[in-house]
Each structure stands twice: as C-alpha cells, then as structure tokens.
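First the structure, in the form of structure tokens, and then the observations on it.
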C-alpha cells in the first residue's frame, strides 16, 4: 500500500496527512491488535450511561478497520468481549450483543467491498444463537477475500485459548501415536484461535491502563506494546497512525543483541536443563 490509498480521506495539510508522510511503508506491522478500553469512562465523563460509550465506540471500530485496510495491514484483531465481561450487568451485556449484530449487518457490505476477510475468535459456542448466526454469515460472505483479516475477539480469554489449544494439541498428538514428551510450541501454536494469522507485531491499548487484560497472551510474547491515554470512542485514524509510527521507531531484537560493527545475534539464554536457547523458534 502507499500514500495514494488515502487519497480523498486525508485532506492536504491535515494531521492525518502529516502522519501519513512519516509512515515507512516498507516496515508496516503485519498484525496489529487493539484492546478497546475506555467506553465506560467516556460515557461517565459526559454524564451518560455506559451503553452510550459502547455505541460511540462503534465509530472508532470503523475508523480503525478502514485505516488498517488502507495501510495494507495483513491482520487487525479487536478485543470486543472477554470471558470476564459476562459479569457485567445483564442490560449492558444484552446491549453489547445487539450492537455487535447491528454492526455486522450494517458494515458487512463495506467490509466485503474493502476485500477484508472477517472472522471471530474465542469460545463462540457460548454466544447467543442470533449473534452466532450473524458471525457465520459474515465469515462465509468474506471467506474468499484476500485483503486484511479482521478478527473480532468475542467471549475471548487468553488463558482459555491456551487451554483449548493445549487440549487440541494433545488430542492430535495422541491420534498420531506421539508421546507427550514430544509436545512442543509448534504443536500449541498450530491450535491457537489465531493459527491462520501472522505473528502479532503490535498490541495497542487505549485508555492508559498498563495491562493486557488476558488478551493474546501467547501471541504477545514478542509483540511491541503501545499504550495511549485516548479513550476508545475518541480513537481515530490519527491515533492508529501514531501507534504504527511509534512501532516503526522501536528496535526489535527478539532477545538478541547488537554488537558494534556486527549484525544482530541471539543471546545464549540457556537454563540448567537444556542445551537449547529458551527462545528457540522465536521469529
């Protein structure tokens, strides 16, 4: 993708245009994930109910999806509903489910037009049937698209994902008559919800909270973290561009070191029980 992909949407002289000029197009992150936080605080600051913040956050979703697709990201993953969110008041949960269905109904044609492939990740069986029906429709309708993959994390928990992946990996291992001792990281990674996505490069969190809230725990092992104080409903194109620019400023060593005058080399991080590097297999 190039700056030309933003023609007509980033006015000359605007903040968006200035930020786009700073993008290094050859060093874009392949996979960006966002913890969409701050809807409740956004609503409270305006004397409104929490659901109003969720409604306002839909526009931030649209902006992030469009910007990610125009940038040429290979994958964008959004944390929409966690396994812990069922503890929220019933009215709020019901409203979130209605908004999700409405979003898929209203945005599907635009998502398809942008050649985005849609999928949902998480323990989807626990979602209401009407929500699962819309997810299936959107997934099927966009399955052949070859643009950015948009993943919405629903009833998602990072620990739950690892448990599910471990169970599936052990079942596959036993079916192949392999021993449990042969189980390795590749076996687990093959069973993750995100197994068909690139490695996670950049994890963004809005609202200023300094935690990852049980999101993509396995995938975030070597990703860059970017935290902004901006509340999710106020997160727009410029905010995502700033996150990408900051990512491109980082020196990503993946556990390696740079010796003056030499190319990066991996650290020899050995423990007492193995002669393999602890980060073996890391990208």
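Bear in mind these aren't lab numbers, they're just calculated from the coordinates by the rules spelled out. What you see is a predicted model, and the numbers here were worked out from it, not measured in a lab. As a convention, Cβ positions derive from the backbone with ideal geometry for all residues, glycine included, and neighbour counts pool all protein chains shown.
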query: For region 1-78, what ratio Rg/Rh do Cα atoms give with a Kirkwood hydrodynamic radius?
result: 1.06
- request: Could you line up 101, 129, 115 from fewest to most neighbouring Cβ atoms inside 10 Å?
  value: 129, 115, 101
task: Starting from the Cα of residue 9, step 7 Å toward the Cβ, then list every residue of region 72-114 with an amide N under 16 Å from that point.
output: 72-77, 107-114
query: How big is the gap, in Å, between the Cα center of region 126-180 and the Cα center of region 23-64?
result: 24 Å
- prompt: What ratio of Cα Rg to 2.2 N^0.38 Å holds for the chain?
  reply: 1.07
- prompt: Taking the chain as a Gaussian network, where each spring joins two C-alpha atoms under 10 Å apart, which residue of 175, 33, 220 fluctuates the most?
  reply: 175
- prompt: Under a no-solvent Debye model with one identical scatterer per Cα of region 1-153, what's log10 I(q)/I(0) at q = 0.08, 0.10, 0.12 Å⁻¹?
  reply: -0.26, -0.40, -0.58
message: If I take R0 = 51 Å and measure r between the Cβ atoms of residue 85 and residue 170 in this structure, what FRET efficiency does the formula 1/(1 + (r/R0)^6) give, to the nearest 0.05?
response: 0.95
- request: Considering only 29, 233, 198, give the residue with the highest GNM mean-square fluctuation for the chain, with springs between Cα atoms whenever their separation is below 10 Å.
  value: 198
query: Taking the convex hull of the alpha carbon atoms in region 105-190, what volume per residue do you get, in Å³?
result: 121 Å³
field: Sum of -39500 (n - 2.57) over DSSP H runs of 4+, divided by residues of the chain (222 nm, nearest 500)
entry: -12500 deg cm²/dmol
message: Suppose the chain between residue 93 and residue 137 were pulled fully straight at 0.36 nm per residue; how much longer would it get relative to their current alpha carbon spacing?
response: 13.7 nm
query: Ranking 25, 218, 232, 42 by Cβ neighbours within 10 Å, fewest first, what do you get?
result: 25, 218, 42, 232
query: FRET efficiency for residue 125 and residue 184, Cβ-Cβ distance as r, R0 = 25 Å, nearest 0.05?
result: 0.35
- prompt: Label residue 24 and residue 251 with points 7 Å out from Cα along Cα→Cβ: what is the distance between them in nm?
  reply: 1.3 nm
task: Considering only 248, 105, 219, give the residue with the highest GNM mean-square fluctuation for the chain, with springs between Cα atoms whenever their separation is below 10 Å.
output: 105
